[in-house]
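Below: one structure, written as structure tokens.
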Amino acid sequence: MTFTVNSYAALSKDAELVPYTLERRDLAKDDVLIDITYTGICHSDLHKAHNDWGTAIYPVIPGHEIVGVVSAIGDSVTKVKLGDCVAVGCNVDSCLECASCKANEEIFCLKGVTQTYGGPDPRFPGHITAGGYSEKIVVRDHFVLQVPKELQTAELLPGVAPVLCAGITMYTPLREHNAAKGQKIGIVGLGGLGHMGVKLAVAIGAEVVVISRNHKKDDKAKELGASGVIASTSKEELAKHAGTFDLIIDTIPFDHDVNVYVPLLKNHKTLVIVGHVGAFKTSPLSTTGLIFGDRRIAGSCIGGIKGTQDLLDFCAEHKIVSDNIVIDMKEVNEAWKVVGETASRYVIDIAKYRESNKA
Ligand SMILES: [Zn+2]
Ligand SMILES: [Zn+2]
């Protein structure tokens, strides 16, 4: 059985998002129904809808940075109760039994993780998942996160949504590579991901330096707590900081030259890439900076459910949320045209959208 909810969908690769009546599956015994309050706009939404990765199944209803309120639960659900303020990130199901799932890395489930939108849903054959650009979503209880009380204020709640993708994408490599107080940490790119990375690394107690093409975002970087900005186009500035970083996280989501960042690291330290670029084409990887200094390049992909809950709790403790611009659902196509240009996140007011559909 299914029920219908209002949503916005991409119907083909070049089309704008349009209103779409979406059929959602009824709740299984371990499912949670969430009335969505806010959904963040992630760069992945555009990639998927435009079929940049060749994996789109239309209609695509994007959105994997979701906060909302529990409005129904299946018979066996104990993790949340009606009225709880909850959140959902990039994944909504996995086997929960394999080595990856048992290691709290559902995202690397050996049987394949179920993406929040635009992917098959193996437990429900034939069903394709649909994301948070919609009034309501049905999610398996394990994948529903608690929004801590401290973050449930009218002021902070919209900025919680981007924590679920942008936030955890930055928090996982900070933890995995033992970011700590007193270290010097570089964040490459100051968009949605980068600005969360600066906030989180500053809260950990690190000295944070933004690495950007130019100095246009210096004021914003400092406002976020960074100690300075290196222009990656300036040989002098790069030379001045050579061999001084304990960790660098590169958020650039398109083809670029990573070779300029490697020599900035101390010996044995790591550059972590979190932007899904595919192959670097214009500037092939050089081994020089890696070998002479035993430096490393690593990748990192979002994070697991436990890590995401830990992050939400960390954000509550430090009062960290995304800087955001709240928009109406009907403004979504305009927002998509400028995603990535600002050091903040666009967040769709879904509660308002749901109310407008009732009128
Ligand atoms: Zn995302
Ligand atoms: Zn698994």
Exercise. Could you check residue 220 against (1) closer than 27 Å to residue 345 by Cβ; (2) of a type outside the set (A, V, I, L, M); (3) touching a Leu at 6+ places or on another chain (Cβ under 8 Å); (4) part of a loop (DSSP other than H, G, I, E, B) and say which number it fails?
Key: (4)
Quiz item: Does region 135-154 contain at least one residue that is within 16 Å of ligand 1 (Cβ to nearest atom) and open to solvent by 20 Å² or more (accessible area, probe 1.4 Å)?
Solution: no
Exercise. Search region 57-81 for residues that are not assigned by TED's automatic domain parsing to the domain that holds residue 17 and pair each with any residue that is more than 16 Å from ligand 1 (Cβ to nearest atom) and part of a strand (DSSP E or B) when their beta-carbon atoms are under 6 Å apart and the residues are at least 6 apart or on different chains.
Key: none
Exercise. Collect the residues in region 270-286 that are among the polar types (S, T, N, Q) and in contact (Cβ under 8 Å) with a residue 40 or more places away in the chain, keeping them in residue-number order.
Key: 270
Practice problem: Evaluate region 213-228: report whether one residue or more is under 18 Å from residue 170 (Cα atoms) and in contact with a Ser or Thr (Cβ under 8 Å, 6 or more places away or on another chain). | Solution: yes
Quiz item: So which residues in region 102-116 are at negative phi, of a type outside the set (Asp, Glu), open to solvent by 40 Å² or more (accessible area, probe 1.4 Å) and away from ligand 1 (no atom under 15 Å from the Cβ), if there are any at all?
Solution: 102, 103, 108, 110, 111
Quiz item: Of the residues 293, 307, 289, which is in contact with a strand residue (DSSP E or B) (Cβ under 9 Å, 6 or more places away or on another chain), touching a residue at least 40 places away in the same chain (Cβ under 8 Å) and not assigned by TED's automatic domain parsing to the domain that holds residue 62?
Solution: 293
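The values are calculated or read from the model by the stated rules, or taken from the named source; none is laboratory data. Here the structure is a predicted model, which is why all the values come from computation and not from measurement. Virtual Cβ from ideal backbone geometry, glycine too; neighbours counted across all protein chains shown. What goes into the accessible areas is simple: the full protein's heavy atoms, side chains included, and nothing from ligands, DNA or RNA. Shrake-Rupley method; radii C 1.70, N 1.55, O 1.52, S 1.80 Å.
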